[in-house]
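Here is the structure we will look at, set down as structure tokens.
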Amino acid sequence: MKKLLLSILLLASATFLFAEDGYDLWMRYKAVENKSLLTSYKSLLKEITIKGNSATMQIVKDELIKASEGMLNQVPLFNDSLIDGNLVIGNIGLFGTPGPSPTITIKEIGSEGFVISKRNIKGKSQINITANTDIGVLYGVFHFLRLLQTEHPIDKLEFTSAPKLQLRLLNHWDNLDRTVERGYAGFSLWNWHTLPGLIDKRYIDYARANASIGINGTVLTNVNANATILTAPYLSKVAALANTFRPYGIKVYLTARFSAPIEIGGLKTADPLDEGVRNWWKEKAREIYSYIPDFGGFLVKANSEGQPGPQDYKRTHADGANTLADAVAPFKGIVIWRAFVYAAENPDDRHKQAYDDFVPLDGKFRNNVMVQVKNGAIDFMPREPFHPLFGAMPKTPLMMEFQVTQEYLGQATNLVYLAPLFKEVLNSDTYSNGKGSTVAKVIDGSIDKHSLNGMAGVSNIGNDINWCGHPFAQANWYALGRLNWDYNLSSEKIADEWLRMTFTNNASFITNARKMMLESRDIMVQYSNPIGLHHIMGTGHHYGPAPWVSNLNRPEWNPVYYHKADSAGIGFNRTSSGSNAIAQYFPEARKVWEEINSCDEKYLLWFHHVSWHFKMKSGRTLWDELCYQFYNGAERVKQMQKNWNGLKQFVDVDRFEHVKQLLGIQYSEAVWWRNACLLYFQTFSKMPIPSHYEKPDKSLEYYKSLRFPFAPGN
Ligand code: BDP
């Protein structure tokens, strides 16, 4: 009896000890298990000298305490006068002689980079973490703690790092009523009602998490903007957030509704060339900067999906952007103008419209304007060729816009690791300036010599306890930051870091979980949008498949517009015999897609209308290949389930169960995608699903009848 009681107690305490809700993200600071590393970490963090006492340096200190207590079960001793301690941290200016390792030049690292170096002082080895600014030091300390968390040896520590991109932003599509457009992790973090009086601890934890991965800016509001955010009461709320984020190196930005001069300014027009309007924006900017002296600037969605814009007054996007740019220029603010535009009145392939609108404006924007371009020309599809605007506007700095929230990639129920998608785009060669002109080099400004550069991700963060809904969705937030800092990092390395910090350093766990993450995006593409299919999701909420939809007001909102299935075949002919969108790419870049027989099959139906009988590289007909892809994709989700089940021993009960149940949902959604799409496309191909596959257990009518009136994020 006693024994039983004891084991129940032990079990209960184990469950209690290990149950995690995911709130701590990748900053859990769990006890270091490797004994020899533990000893070396302990002696290194025993006595720490921190130079400087700004709010940022206080954060550095707090973080070191937290990490040390958690990982080493030790409280460091802080000795601020000691220059020959084990770990000396501080802004280079405060170091005094002899300073950090002379082999490293501090100039190269700019205002945000850092140096971690080792040197000998009086026969004792010392580690320095230094930078030109306190924020740089903070980044260095987070990097150092990442090394410790991932159980990295510290005997040969010599490391210089600086971000590859300057503006590393999150774009929140958060509305003032706290709903989040395309948000699947609860409501908005920003509680506008209780701001500025109440600074929720979450705001601080949000800033801390972002700083730990180098994110240095946040657009607080939805691109489908509400002008109220620009009124005085709201500006004081924004200022409270800005004050909270500042010591973490994070600037705030707001979306500007183009018609704000009418809506909150009482003007009759929002014409960007009207003097009254121009003055209104100037005054508004002055007011904003009086609240937030380091306000980052405006993000604008104009003349897109019903949003107001300069074209309402027969002006160009450049006219609109420049009016706002002139208003913020005296305060060093910038305007990020989105290129996500397509018009109902324009009968041309939606793929072509942003390029057609923006390329003629190259060179017409003020130098504090960036044009923000989605990674692909249609809309954050599971797989999409890179946007042809990259490389086509050499006189304009282009900002990358990725979508971290998984609007089209399984929302919050599917485990889809996005780094491979981001990397695929960044590594694509535009050939804008010869071979090697990758998208990454276009956006970092190195090809066209731009001083402004950056990358944004549409946030997947909400007020769910684990921030992102799906426990693995945190990895996508993490990946955005890490790739922004250094787009050369591999997806594998990022997954590895994230898994170690988020779960455990156990090698067998890492190998299996990393494999699952790395394959997940391809698997998702297979069971939902294989061979270049795109935009065949449900209407409005974009949840699940609905390739049959054909009755929406705007042609380009209908899935049938994109797949063009008929009795002859399927796919959108975007070659010269079709819409010729392909001509917007440089000749060398488009070569891989141009010919139906040699087209990279990942994009076959993106660029070609292909016969159902077409012979694929596998030897199968297109129809059989489509069946194979959908079935194989769903089957691989089953493998993911098995894989995860095998990792039970390494993961706390709560997170294990959470992921397990979500994988169950993912499998049923994969089967749903597969069955619904194949049954529908079969009405055109008139060919059977090969008999070795299990038959869809529901009819096409059943799938068509499904409705999701309360699907989230809509
Ligand atoms: C689409 C989303 C829509 C956004 C739009 C945008 O469905 O909610 O407002 O993109 O990026 O993908 O502006």
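The values are calculated or read from the model by the stated rules, or taken from the named source; none is laboratory data. In this text, all values refer to a predicted model and were calculated from it rather than measured experimentally. All Cβ positions, glycine included, derive from the backbone under ideal geometry; neighbour counts span all protein chains shown. What goes into the accessible areas is simple: the full protein's heavy atoms, side chains included, and nothing from ligands, DNA or RNA. Shrake-Rupley method; radii C 1.70, N 1.55, O 1.52, S 1.80 Å.
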Go through segment 601-617 residue by residue and turn each phi into a ³J(HN,Hα) via Karplus (6.51, -1.76, 1.60, θ = phi - 60°); whole Hz please, and just put x for glycine and proline. 4, 4, 10, 4, 7, 6, 10, 9, 9, 10, 4, 4, 8, 3, 7, 8, 4
Give me the compactness ratio for segment 541-635, meaning the Cα radius of gyration over 2.2 N^0.38 Å. 1.16
Pick out, from 517, 183, 702, the residue whose Cα sits farthest towards the positive end of the charge dipole of the chain, with +1 on the Cβ of Lys and Arg and -1 on the Cβ of Asp and Glu. 517
How much length is gained on full extension from residue 580 to residue 33, taking 0.36 nm per residue of separation minus their Cα-Cα distance? 191.1 nm
Tell me which trypsin sites (Lys or Arg not before Pro) from segment 319-400 have a DSSP coil assignment and no more than 14 other beta carbons within 10 Å of their own. 332, 395
Across 20 Å bins beginning at 0, the whole-percent shares of Cα-Cα pair distances in the chain come to 17, 48, 30, 5, 0
In a solvent-free Debye calculation with one equal scatterer on each Cα, what is log10 I(q)/I(0) for segment 276-376 at q = 0.15, 0.19 Å⁻¹, listed in the order of the q values? -0.62, -0.92
Between residue 74 and residue 147, with labels modelled 7 Å along Cα→Cβ, what's the label distance in nm to one decimal, could you check? 1.6 nm
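Find how much the distance from residue 199 to residue 81 grows on full extension, using 0.36 nm per residue of separation minus their present alpha carbon separation; answer in nm with one decimal. Before the final figure, lay out the partial values.
On the way: separation 118, 0.36 × 118 = 42.48 nm, distance 3.39 nm.
Here the segment from residue 199 to residue 81 would lengthen by 39.1 nm.
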Once normalised by the length of the chain, the mean sequence separation of its alpha carbon contacts under 8 Å that are 6 or more apart gives a contact order in percent of 12 percent
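Over all distinct Cα pairs, what is the inverse of the mean 1/r for segment 469-554, reported as the Kirkwood hydrodynamic radius in Å?
15.3 Å
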Between residue 155 and residue 366, what is the label-point separation in nm under the 7 Å Cα-to-beta-carbon projection? 5.7 nm
Note on segment 600-671: C-alpha Rg/Rh, Kirkwood Rh, two decimals, gives 1.19
About its Cα centre, the chain carries a charge dipole, from +1 on Lys and Arg Cβ atoms and -1 on Asp and Glu Cβ atoms, whose size in debye to the nearest 20 is 1160 debye
I want to check the label-to-label distance for residue 645 and residue 704. Put each point 7 Å from Cα in the C-beta direction and report it in nm to one decimal. 3.7 nm
Tell me, what is the 1.4 Å probe accessible area of residue 205, in Å² to the nearest 10? 20 Å²
Using θ = phi - 60° and the Karplus form 6.51 cos²θ - 1.76 cosθ + 1.60, what ³J(HN,Hα) does each residue of segment 250-255 get, whole Hz, x for Gly and Pro? 10, 9, 9, 10, 10, 7
Charge context of residue 656, other residues only, Cβ under 13 angstrom, K/R +1, D/E -1: -2
Which of 291, 346, 302 sits farthest toward the positive end of the charge dipole of segment 248-355, with +1 on the Cβ of Lys and Arg and -1 on the Cβ of Asp and Glu? 291
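If you roll a 1.4 Å probe over the chain with all protein chains in place, what percent of the accessible area is carbon or sulfur? Walk me through the numbers on the way to the answer.
Values: 14760 of 27300 Å².
Accessible surface attributable to carbon and sulfur in the chain totals 54 percent.
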For a paramagnetic label modelled at 7 Å from the Cα of residue 566 toward its Cβ, which residues of segment 671-699 fall within the zone defined by backbone nitrogen distances under 17 Å? 681-686
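With only Lys, Arg, Asp and Glu charged, each at its Cβ (+1 for the first two, -1 for the last two), find how big the charge dipole of segment 342-417 is about the Cα centre; round to the nearest 20 debye.
Numbers: 7 positive and 10 negative charges, 62 e Å.
Its charge dipole is roughly 300 debye.
Direction-averaged shadow area of the convex hull around the Cα atoms of segment 199-277, nm²?
Values: hull surface 24.7 nm².
Convex hull of Cα atoms, orientation-averaged projection: 6.2 nm².
Counting only other residues whose beta carbon sits under 14 Å from that of residue 579, what net charge do I get with K and R as +1, D and E as -1? It would help to have the intermediate numbers written out before the result.
Values: positive: 350, 352, 564, 574, 590; negative: 348, 349, 356, 556, 594.
Value of the local net charge: 0.
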Hz values of 3J(HN,Hα) by residue in segment 322-333 - Karplus curve (6.51, -1.76, 1.60), Gly and Pro given as x: 5, 4, 6, 5, 5, 5, 8, 4, x, 9, 6, x
Return the long-range amide H neighbours of residue 446 (sequence gap of 5 or more, or a different chain), with a cut-off of under 5 Å between placed amide H atoms. none
Along the positive direction of the dipole of the chain (beta-carbon charges: Lys, Arg +1; Asp, Glu -1; about the Cα centre), which of 651, 498, 411 reaches farthest? 651
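For the chain, give the share of DSSP beta bridges that are antiparallel, in percent and rounded to the nearest 5; count only bridges with both residues there.
Values: 17 of 59 bridges.
Looking only at bridges with both residues in the chain, the antiparallel portion is about 30 percent.
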For every helix of n ≥ 4 consecutive DSSP H residues, a contribution of -39,500 (n - 2.57) applies; sum these over the chain, divide by its total residues, and give [θ] at 222 nm rounded to the nearest 500 deg cm²/dmol. -12000 deg cm²/dmol
Please report the antiparallel percentage of DSSP beta bridges with both residues in segment 322-408, rounded to the nearest 5. 10 percent
Amide H partners (placed H, <5 Å) of residue 78, local residues excluded: 48
Using modelled backbone amide H atoms (1.01 Å from N, in-plane), which distant-in-sequence or interchain residues come within less than 5 Å of residue 255's amide H? 220, 221, 299
Averaging the inverse of every distinct alpha carbon separation and then flipping it gives the Kirkwood radius. What is it for segment 431-510, in angstrom units? 14.8 Å
